[in-house]
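To start, the structure under review is shown below, and the notes come after it.
The values are calculated or read from the model by the stated rules, or taken from the named source; none is laboratory data. Note that the structure is predicted; figures quoted are calculated from it, not measured. No Cβ is skipped: glycine too gets one built from the backbone with ideal geometry, and neighbour counts run over all protein chains shown.
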Amino acid sequence: MKISAQQYALSLYQLVEGKPENEVKKILKNFVVFLNKNLDFNKVNEITNSFVKIWNFEHGELSAELVSAREFGPTAKEIVIDYLKEKSGAKKVLLNEIEDKDILGGFILKYDNKIVDGSLKNSLEELKIKIEA
Amino acid sequence: MSSTKDFIIEQLKEEISGFKSEVSEKSVGRVLKVSDGIALVSGLSEAMMSEILKFKTEKGDITGVALNLEENLVGAIILGDFTAIKEGDEVQATKRILEVPVGEAVIGRVLNPLGEPLDGKGKVETNKFYPVEKIAPGVITRASVKEPVQTGIKAIDAMIPIGRGQRELIIGDRQLGKTALAIDTIINQKGQNMKCVYVAIGQKESKIANIVSKLTENGAMEYTTVVLAGASNSASLLYIAPYAGCAMAEYFLDKGEDVLIIYDDLSKHAVSYREISLLLRRPPGREAYPGDVFYLHSRLLERACKLNKEYGGGSITALPIIETQAGDLSAYIPTNVISITDGQIFLEPDLFYKGNRPAVNAGLSVSRVGSSAQIKAMKKVAGKMRLEAAQYRELAAFAQFGSDLDEDTKKKLERGKRLYEIFKQDQYMPLSVAKQVIIYYSLINGFLDDVPVEKTREFESALYKYADLNDGVLKLIEEKKELDEEIENKIKQLVNDCKATVDYLIK
């Protein structure tokens, strides 16, 4: 039977959960041998992606990306984090901030498979479509 | 002058201040894989079945439709240039089911299955949209078929009558005139209070250009919409084309109007669905078609209906076309569609090459509901004529073996020959029901027995010309829709008068 990337990731998570570092190293070594045996090395990327998702879910963590034209102040950041906590039910939010002058103003927030596009660039594009229509 | 300028600026300001860019959460995903018009997308956890997806590419947005909702993936068909989509491109869900523009504005247009113009006449000016997929009307809303669709084709209107709201399959090998039958039917709908939709699925675009020009020439584009998914379009467009055409027809149905829709042809539609299904890795079944290929056509053809008065009384008559391979009626798709429809018109190569065109096989063709829709006059002549045709077929096969035939048999054979002559009809020459009644009445009453077989068609056209000049009879039949003594006498008179003008009668 073929083992899916998700199944690999889940078993890996269950193996390493709560184990000390030296044991984890041993487990990983065995895991790689097992992957090799099953000729499943090409699934590594998918497995790591799934693993991160499972880890975040189990630990109540949420990684999000915040793109803004200028850096957010602490209060604004607090509001974003509260919003994310409320929406996703996560306990901890890992916010990755990116500055991008191209979006002109506002922000774009990406988390899970959701996107909140409040950028000035997007609004202008929407206005353009509306005027053209 | 200045006031207009101010006015414009004022309006523009108002527009812009009134414009609220709404910031809302959107569900997004990423393209994992693209192949032959199919994309596998990760994420999109809230995607709905047949929801429109927007692929954000460097060349602008490309539309797709979600078709497979799996645990971690969404399988989508791409309704555009799939070569522009790259792995990792963002995909947005729109929370809208696939829909097409509908309304009066689509009439006279050639559109693609998304409702975009292909005829260079600009955008379709309408603000109404109908979903492409819709559940067919239920039992409560329906009425039985009782009004006729006049196809204008003698063999069909008499022997295989079609009613408004019926589904009649046109089936036969390639190049036997299946499309020609459908186009003649559209041309004959002029002044019959009927809107027409012609859906071309996987047809050559040159053929469609030809058809459109013929329809325009005959004034039929005034009530016709052509939905074209050509042979060069992707399988996804071919797949949605009949549903899109049906949605356009449903707009008129909801207004209480009658619509005729032609699907040309459903075998190519099934092939395109097979392609999509296999690419989406759905398990193949018989002839590699997926398991739900029956549902593919049944849900489409079930949308053809006759609604009762309370629901507007409109109707959709469907004429699906199926192309068989070497006359094989028992292949998968032909048997499916035969069982879904209310009858079929079977075109036969032997008849076609003998010169009997349209090559309708009267024995294998049936219409299960249409006879109740015939006008009384036609019913009266057609019943007898069908018997005449059946007897001729039987006797003709029998008479091949012997030459000694009694007088009665000879007579029947002679009349049958004339009947088959009358069934012959040129393309783009549909005939009004009144004229059909006259010619059939003349035949079954033996008025044509003294016209030589090879001159039958000549006499027939002379008779029509004569009837046109004395339009009293034609009008009477069309108004009364019945054959009373007065009309019968007038027809007799007409035939006798016409006979007096020709010199080739058998003495």
Can you work out which of the residues in the stretch B:21-40 that are within 14 Å of A:ASN113 (Cα to Cα) and touching a residue at least 60 places away in the same chain (Cβ under 8 Å) is farthest from the other protein chains (Cβ to nearest Cβ)? B:VAL31
Any idea which of (1) surrounded by fewer than 22 Cβ atoms within 10 Å (Cβ to Cβ); (2) within 20 Å of B:PRO148 (Cβ to Cβ); (3) at pLDDT below 95 is the one B:VAL360 doesn't satisfy? (1)
Would you be able to tell me the number of residues in the stretch B:315-341 that are free of Cβ contacts under 8 Å to residues at least 24 places away in the same chain, closer than 22 Å to B:ILE162 by Cβ and not β-branched (Val, Ile, Thr)? 1
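Can you spot a residue in the stretch B:2-11 that is surrounded by fewer than 20 Cβ atoms within 10 Å (Cβ to Cβ), among the β-branched types (Val, Ile, Thr), facing chain A (nearest Cβ under 9 Å) and not in a strand (DSSP E or B)?
No, the conditions are met nowhere in the stretch B:2-11.
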Determine if the stretch B:132-145 includes at least one residue that is surrounded by 14 or more Cβ atoms within 10 Å (Cβ to Cβ) and in contact with a Ser or Thr (Cβ under 6 Å, 6 or more places away or on another chain). yes
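How about the stretch A:13-47: which of its residues are touching a residue at least 24 places away in the same chain (Cβ under 8 Å) and surrounded by fewer than 14 Cβ atoms within 10 Å (Cβ to Cβ)? Let's see the steps before the verdict.
The first filter runs over the stretch A:13-47 and keeps only residues touching a residue at least 24 places away in the same chain (Cβ under 8 Å), leaving A:13, A:17, A:35, A:38, A:40, A:43, A:46-47.
Within the stretch A:13-47, A:GLU17, A:ASN38 meet the criteria.
Considering each of A:GLU125, A:GLU65, A:GLU86 in turn, give the residue that is within 13 Å of chain B (Cβ to nearest Cβ), within 30 Å of B:ILE8 (Cα to Cα) and either of a type in the set (S, T, N, Q) or surrounded by fewer than 17 Cβ atoms within 10 Å (Cβ to Cβ) (or both).
Values: A:GLU65 fails: within 30 Å of B:ILE8 (Cα to Cα); A:GLU86 fails: within 30 Å of B:ILE8 (Cα to Cα).
Just one listed residue meets the conditions, A:GLU125.
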Take the stretch B:487-505 and flag every residue that is over 14 Å from B:LEU448 (Cα atoms) and in a helix (DSSP H, G or I). B:ILE487, B:GLU488, B:ASN489, B:LYS490
Residues of the stretch B:57-89 satisfying the condition of being more than 29 Å from the chain's Cα centre (by Cα), part of a loop (DSSP other than H, G, I, E, B) and among the hydrophobic types (A, V, I, L, M, F, W, C): B:ILE85
Has the stretch B:447-461 got at least one residue that is part of a helix (DSSP H, G or I), surrounded by 14 or more Cβ atoms within 10 Å (Cβ to Cβ) and among the small types (Gly, Ala, Ser)? no
Taking B:SER24 and the conditions (1) more than 33 Å from the chain's Cα centre (by Cα); (2) closer than 30 Å to B:SER277 by Cβ; (3) of a type in the set (S, T, N, Q), which numbered condition does it fall short on, given that it satisfies the others? (2)
For B:PRO101, the lone unmet condition from (1) within 14 Å of chain A (Cβ to nearest Cβ); (2) on the phi > 0 side of the Ramachandran plot is (2)
Residues that are of a type in the set (Asp, Glu): find the helices (runs of 4 or more DSSP H) completely inside the stretch B:207-318 holding 2 or more of those. B:235-254
Looking across the stretch B:41-74 at residues that are of a type in the set (Asp, Glu) and under 22 Å from B:LEU278 (Cβ atoms), the single one that is nearest to the other protein chains (Cβ to nearest Cβ) is B:GLU71
